[in-house]
């Protein structure tokens, strides 16, 4: 069996991102998305999903590096900056949770607060993943698994990224050597974390995919690349992580390197050639709700 989950991260990031994800589901191949519960656009994103995309699976995109916390600031101060926002640096967060028990407690307190917020607003999360893959950080993973079990989340993303032959020639020609090296390093880190996490997730009776793809190509997804993935991916159920969005012309938004790539990614995900390639390859579309949620037994 060959099944593909196409998950759009960052639901609720902005009006443009939310609208782009919904379009990619209605007109393209996105089957699933994950909500950034702590951001101001989260509540409206949930309302729009219920109204416009009842078949879109919605999970939670745990976030410890963007915006302000859901939990009271005094309860999670060890992972905040002086202004009460998350420290945006992934490396800085990792240092804090690695060397400070108080920071680990704060991070897990905030993670559970985000899940509780989502549930209070009517969401039964299909699964959990996270912004910059923080849920897989080795100091946090055991606690994340316990939060998931306690809150009834039955599946977790694990980033065991599949290797594709000839991938380099399909990455954007405008990427510099530095861009390519950055994504290669991030893929190695995410794959290491995901490989360690997968047995723990399964042993806890939670579900995850057989394989994953998306870190090395973050910001560089094209229709040709997705077609290549569909030709070369292994058997089983896999996840393609994507970041679509409409063009955002507002001034003063949060800076992100994905701002320019989101509309291109949306176009790729809506390209009819991608759906044709999936049909030719015998692929079925899926969500995390379709996985075996008790693989440890």
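Exactly one condition in (1) surrounded by fewer than 22 Cβ atoms within 10 Å (Cβ to Cβ); (2) over 17 Å from residue 269 (Cβ atoms); (3) within 18 Å of the chain's Cα centre (by Cα) is not met by residue 12; state its number.
Status for residue 12: all satisfied but (1).
Here's a check for you: in the stretch 31-48, which residue that is crowded, with 24+ Cβ neighbours inside 10 Å and farther than 20 Å from residue 132 by Cα is farthest from the chain's Cα centre (by Cα)?
45
When the residues of the stretch 97-135 are filtered to those that are assigned to a loop (DSSP other than H, G, I, E, B) and touching a strand residue (DSSP E or B) at 6+ places or on another chain (Cβ under 8 Å), which remaining residue is farthest from residue 205 (Cα to Cα)?
123
Against the definition (touching a helix residue (DSSP H, G or I) at 6+ places or on another chain (Cβ under 8 Å) and surrounded by 19 or more Cβ atoms within 10 Å (Cβ to Cβ)), how does residue 62 come out, yes or no?
So residue 62 passes the test.
Restrict the check to the stretch 82-96 and report whether at least one residue is in contact (Cβ under 8 Å) with a residue 24 or more places away in the chain, in contact with a strand residue (DSSP E or B) (Cβ under 7 Å, 6 or more places away or on another chain) and buried (at least 18 other Cβ atoms within 10 Å of the Cβ).
There is no residue in the stretch 82-96 that is in contact (Cβ under 8 Å) with a residue 24 or more places away in the chain, in contact with a strand residue (DSSP E or B) (Cβ under 7 Å, 6 or more places away or on another chain) and buried (at least 18 other Cβ atoms within 10 Å of the Cβ).
If I ask for residues that are out of contact with any strand residue (DSSP E or B) (no Cβ under 6 Å at 6 or more places or on another chain) and assigned to a loop (DSSP other than H, G, I, E, B), which ones from the stretch 155-195 would you list?
Selection gives 158, 163, 164, 165, 166, 171, 172, 173, 174, 175, 176.
Being buried (at least 22 other Cβ atoms within 10 Å of the Cβ), more than 20 Å from residue 62 (Cβ to Cβ) and either at pLDDT 95 or above or over 16 Å from the mean Cα position of the chain (by Cα) (or both) narrows it down to one residue among 153, 221; which is it?
None of the others qualify; the one that does is 221.
The values are calculated or read from the model by the stated rules, or taken from the named source; none is laboratory data. Note that the structure is a prediction, hence the values are computed from the model and not measured. When we count neighbours, we look across all protein chains shown, and the Cβ atoms used for this are built from the backbone with ideal geometry, even at glycine.
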